[in-house]
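S.K.: Right, I'll just put the structure down here and ask away after.
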Amino acid sequence: MSVLVFVEVADGEVKGSSLEAVGYGAEVAKQQGTTATAIVLGTSIAADKLAALGKYGAAKVLHVADEKLNNGVIQAYVQVLAQAFEQTGAKILIVAKSSLSDAVTARLSVRLKASLASNVTDLPSTNGGFTVKKSVFTGKAFQTISLANENKIIALKKSAFSPVDSGSPAPVETFSASLSDADFGVKITKTDKITGELLLTEADLVVSGGRGLKGPENWGVILDLAKALNAATGCSKPVSDLDWRPHHEHVGQTGVKVAPNLYVAVGISGAIQHLAGVSSSKCIVVINKDPEAPFFKAADYGIVGDAFEILPKLTAAAQKLK
Amino acid sequence: MKILVCITHVPDTTSKINFVEGNSKLDTTNMQFIIGPYDDYALARGVELRDALGGTLTVLNVGTAETEPTLRKALAIGADDAIRIDAEPTDAFFVSEQIAEVAKKHNYDLILMGRESSDYNGGQVHGMVGEMLGIPSLSPVMKLDIEGSTAKMAREIEGGKEYLEANLPLVLGVQEPIAEWKIPNMKGIMTARKKPLEVIQPANPTQYTQPQQYELPAAKGACKMIAPEEAEKLIELLKTEAKVL
Ligand SMILES: Cc1cc2nc3c(=O)[nH]c(=O)nc-3n(C[C@H](O)[C@H](O)[C@H](O)COP(=O)(O)OP(=O)(O)OC[C@H]3O[C@@H](n4cnc5c(N)ncnc54)[C@H](O)[C@@H]3O)c2cc1C
């Protein structure tokens, strides 16, 4: 028996959230008196980066070197992971929560008869049973649930676990899965993806703009501060509804949920549906010209003032830090 | 075209969340319930497709009698009929099995629902139903058109979009901007009262997880205000005090 960790790749690199999953998986394996095996699908990652997963706690890395898996084809990923789970004799699968892993783990739960917990924020408790704590009500509460089936799947919430780079590289083995054409029945015809930019869901620092910025032509102040801090950019729902910014930047209840170390909200009023997407941030800064803006109640630091005067000052100060 | 839209009955997004009975139950006193915001997008797109292509749209909820006003609202928005599976929706596996049982009898071309519910945020039911029925499932789908027996879709991926094509039948978890939310009009509300709402008993009640206890997050400390003329001080505080830079 071992613990299997599904590792996602973006832009040729292991995703930060997947490193968290590997570190978490190694801890769960320790609790269970076993080791963690990482599995990586596709050919868009270099061999040394696979071995480096060992430093974060993987005892072994399985690589499914099939270029047809370079895109996240849901049904094919389910096939591969189900076969790997069974062949390695795993009882627990760990993934980082993402739009891909949500879709894949749901099917795996049925196929493997596995209890599935998503948005998990802590290590399992194994005192008489197996329970995990997860975030519910879009960040407004936590719930403890018991995973009673023999097989279990845990989807870890972003930033819930800090991986440490300590061990040494792990051996990499090729894993061949048997896949049929039916697994590729859903055809990906095109992908439009930003490259070379920080992913909002993965970023440690986020600068986000709301309707208070008045129009897309004013986004320079946001982008400049984000660049100076090396942060990703986000926005409120009306901003993406109005097409000022692309939809994948929309943060909140109906958009992306983020959990960065720092979330800077500029010209966003702080409606409860927006707060739902940012409440897991470690530190929140609010910049708003209205001292009564509800966002200040959820903030750690606040500045009441005009974004167009304040942001350039912050950008200059951030540049000096470097 | 036979479409099934699965909806959740969830607290309004502005609700304050509290628990009762030793933190084992949600406090629903004075709470307003709505169609899950993502499910509302599924319903809106379902109605548009039914209107464009003909056929029927059935709306389904797994829930106790108190969810009927939510189902009636979906009927007012444009569903032709409703099914309520009379059970507490205890976990994603249980709910999925109920949906799959109904779907096996009716052979829907398209099963739509929100990418996740706004209460338990599992994002699991579409995938589980797809697996139980042995048909593909995709999520989060933000664009959906039907041409003959092919669905043309866009799915949000981190940092962008992926365009996909697949043959029906399919199970899709959807999100905006797939359609605009629809508000029921007077005629819709009147006709909804007469539309059929079938109540059926749950089959094979199996659960894969067992809920135990809730807790609320720790209260947030006070917000430290910085004068606008000293804005640059913020960067220093973020580095030395908050230690996030
Ligand atoms: C079911 C549902 C789901 C929703 N989901 C989401 C979601 O996921 N994400 C989301 O964001 N919203 C969501 N909303 C919408 C939400 O309720 C708010 O309408 C929205 O968040 C407001 O966006 P905003 O703060 O950018 O705009 P506004 O509320 O218009 O606020 C603009 C702010 O900018 C400030 N401002 C103006 N000028 C300046 C200036 N020069 N300098 C500094 N500050 C300035 C103003 O004081 C104001 O506080 C949802 C709503 C519903 C009903």
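S.K.: Got a sec? Which residues of the stretch B:81-118 lose 10 Å² or more of accessible surface with every protein chain in place, vs. that chain alone, 1.4 Å probe?
M.R.: The answer is B:PHE93, B:ARG115, B:GLU116, B:SER118 - residues whose exposure falls by at least 10 Å² when every protein chain is included.
S.K.: Ok, one more. Per the 1.4 Å probe, what fraction of the accessible area of chain B, in percent, lies on carbon and sulfur atoms?
M.R.: Numbers: 5440 of 10610 Å².
Ligands and nucleic acids excluded, carbon and sulfur give 51 percent.
S.K.: Another one. To the nearest 10 Å², what's B:TRP181's accessible area with a 1.4 Å probe?
M.R.: Answer for B:TRP181: close to 110 Å² accessible.
S.K.: Average partner chain C-beta neighbours within 10 Å, per residue of A:308-318?
M.R.: On the way: counts 0, 3, 6, 1, 1, 8, 6, 2, 3, 8, 6.
Taking the mean over all residues of the peptide, I get 4.
S.K.: Identify, among A:ILE153, A:VAL207, A:ALA76, the residue whose Cα sits farthest towards the positive end of the charge dipole of chain A, taking +1 on the Cβ of Lys and Arg and -1 on the Cβ of Asp and Glu, with the dipole about the Cα centre.
M.R.: A:ILE153
S.K.: When the accessible area of each residue in the stretch A:51-83 is compared between its chain alone and the complete protein assembly (1.4 Å probe; ligands, DNA and RNA ignored), which residues differ by at least 10 Å², being lower in the assembly?
M.R.: Relative to the lone chain, where solvent access is computed with a 1.4 Å probe, the stretch A:51-83 loses at least 10 Å² at A:GLY72, A:ILE74, A:GLN75.
S.K.: Of all DSSP beta bridges in the protein assembly as shown, what percent run antiparallel (nearest 5)?
M.R.: Details: 41 of 115 bridges.
Among the beta bridges of the protein assembly as shown, antiparallel pairing accounts for roughly 35 percent.
S.K.: May I ask for the angle, rounded to the nearest 10°, between helix A:307-321 and the longest principal axis of chain A, with both axes built from Cα atoms and the value confined to 0 to 90°?
M.R.: Roughly 60 degrees between the two axes.
S.K.: Per residue, what accessible area does the stretch B:2-218 have, given a 1.4 Å probe and all protein chains present, in Å²? Show your work: numbers first, answer last.
M.R.: Values: 8840 Å² over 217 residues.
With all protein chains present, the stretch B:2-218 gives 41 Å² per residue.
S.K.: Any chance you could check the Cα centroid distance between the stretch A:155-181 and the stretch B:112-162 for me, in angstrom?
M.R.: Centre-to-centre (Cα) distance: 25 Å.
S.K.: Report in % the part of the accessible area of the stretch A:171-322 that belongs to carbon and sulfur, leaving out ligands and nucleic acids; probe 1.4 Å.
M.R.: The computed percentage sits at 52.
S.K.: Also, quick follow-up: Heavy atoms only, 1.4 Å probe, whole protein assembly: order A:HIS247, B:HIS126 by accessible area, highest first.
M.R.: A:HIS247, B:HIS126
S.K.: Which part of the stretch B:167-197 falls in the paramagnetic zone of A:ILE194, meaning amide N under 18 Å from the point 7 Å along Cα-to-beta-carbon?
M.R.: Answer for this model: B:177.
S.K.: Can you spot the aspartates and glutamates whose alpha carbon is less than 15 Å from B:LYS243's alpha carbon? Ignore those fewer than 8 places along the same chain.
M.R.: Straight-distance partners of B:LYS243: A:ASP204, A:ASP300.
S.K.: Turning to a different aspect of this structure: Per q in 0.12, 0.14, 0.23 Å⁻¹, report the Debye log10 I(q)/I(0) for the stretch A:150-238, using one uniform scatterer on each alpha carbon and no solvent.
M.R.: For the requested q values the scattering log ratios are -0.76, -0.92, -1.20.
S.K.: Over all residues in A:184-196, what is the mean tally of Cβ atoms on other chains that come within 10 Å of each residue's Cβ?
M.R.: On the way: counts 0, 5, 11, 6, 7, 7, 5, 7, 7, 6, 3, 2, 0.
Per residue, the average neighbour count from other chains is 5.
S.K.: Taking only protein heavy atoms into account and a 1.4 Å probe, give the accessible area per residue of the stretch A:2-184 in Å². Intermediate values should be presented prior to the final figure.
M.R.: Numbers: 6220 Å² over 183 residues.
So the stretch A:2-184 comes to 34 Å² accessible per residue, rounded to a whole number.
S.K.: Next question. Using only the alpha-carbon atoms, how far is helix B:37-53 inclined from the longest principal axis of chain B? Give it as 0 to 90 degrees, nearest 10.
M.R.: Relative to chain B, helix B:37-53 is tipped by roughly 30 degrees.
S.K.: Treat each spin label as a single point 7 Å out from the Cα along the C-beta direction, and report the B:LYS104 to B:ALA218 distance in nm.
M.R.: So the label points at B:LYS104 and B:ALA218 sit 4.9 nm apart.
S.K.: Going by Cα centres, the stretch A:84-142 and the stretch B:201-245 are how many Å apart?
M.R.: Measuring centre to centre over Cα atoms gives 22 Å.
S.K.: At 7 Å along Cα-to-Cβ for each site, give me the label-to-label distance between B:ASP86 and A:THR121 in nm.
M.R.: With each label placed 7 Å out from Cα toward Cβ, I get 3.7 nm.
S.K.: Now a separate question. Mind checking the log10 I(q)/I(0) for the stretch B:89-146 at q = 0.12, 0.14, 0.27, 0.31 Å⁻¹? Debye, one equal scatterer per Cα, no solvent, two decimals.
M.R.: The calculated log intensity ratios at q = 0.12, 0.14, 0.27, 0.31 Å⁻¹ are -0.27, -0.37, -1.24, -1.43.
S.K.: Taking the Cβ of A:LYS91 as the center, what net charge do the other residues with Cβ under 15 Å away carry, scoring Lys and Arg +1 and Asp and Glu -1?
M.R.: Values: positive: A:LYS30, A:ARG111, A:LYS113, A:LYS152; negative: A:GLU86, A:GLU150.
Once positives and negatives cancel, what remains is +2.
S.K.: Could you compute how much accessible area chains A and B hide from each other, both sides summed, with a 1.4 Å probe? Nearest 100 Å² is fine. Please list the in-between numbers first.
M.R.: Numbers: alone 15360 and 14160 Å², together 22580 Å².
In total, this chain pair buries about 6900 Å².
S.K.: Just to confirm my numbers, what's the Cα centroid distance between the stretch A:47-67 and the stretch B:1-67 in Å?
M.R.: Centre-to-centre distance over Cα atoms comes out at 42 Å.
S.K.: Expressed as a rounded percentage, what relative contact order does chain B have, with Cα pairs under 8 Å and six or more residues apart? Don't jump to the answer; show the numbers that get you there.
M.R.: Details: 466 pairs, mean separation 58.4, N = 245.
Rounded, it is 24 percent for chain B.
S.K.: While we're looking at this one, here's another question. How long are the three semi-axes of the equivalent ellipsoid for chain A, computed from the Cα gyration tensor as the root of 5 times each eigenvalue, in whole Å, largest first? Before the final figure, lay out each step's value.
M.R.: Numbers: eigenvalues 274, 91, 69 Å².
Equivalent ellipsoid semi-axes, largest first: 37, 21, 19 Å.
S.K.: What FRET efficiency would be calculated for the residue pair B:LYS243, A:GLN319, taking the C-beta separation as r and a Förster radius of 22 Å, to the nearest 0.05?
M.R.: Details: r = 20 Å, r/R0 = 0.89.
For B:LYS243 and A:GLN319, the calculated efficiency is 0.65.
S.K.: Charges only on Cβ, +1 for Lys and Arg, -1 for Asp and Glu: so what's the dipole of chain A about the Cα centre, in debye to the nearest 20?
M.R.: Values: 32 positive and 30 negative charges, 128 e Å.
In debye, rounded to 20, chain A gives about 620.
S.K.: Compute the long axis of helix A:220-229 from its Cα atoms, compare it with the longest principal axis of the Cα atoms of chain A, and write down the angle in degrees, 0 to 90, nearest 10.
M.R.: 50 degrees
S.K.: Give me the 1.4 Å probe accessible area per residue for the stretch A:205-321, excluding ligands and nucleic acids, in Å². Numbers along the way, then the final one.
M.R.: On the way: 4230 Å² over 117 residues.
Dividing the accessible area of the stretch A:205-321 by its residue count gives 36 Å².
S.K.: In the stretch A:124-143, what residues drop by 50 Å² or more of accessible area when the other protein chains are put back, versus the chain on its own? Use 1.4 Å, and skip ligands and nucleic acids.
M.R.: A:PHE137, A:LYS140, A:PHE142, A:GLN143
S.K.: P(r) for the protein assembly as shown, please, calculated from all Cα pair distances in 20 Å bins and given in %.
M.R.: Each 20 Å bin holds this share of Cα pairs: 21, 55, 23, 0.
The values are calculated or read from the model by the stated rules, or taken from the named source; none is laboratory data. What you are looking at is a predicted structure, and each value in this text was computed from that prediction instead of being measured. No Cβ is skipped: glycine too gets one built from the backbone with ideal geometry, and neighbour counts run over all protein chains shown. Heavy atoms of the whole protein, side chains included, go into the accessibility calculation; ligands, DNA and RNA do not. Shrake-Rupley method; radii C 1.70, N 1.55, O 1.52, S 1.80 Å.
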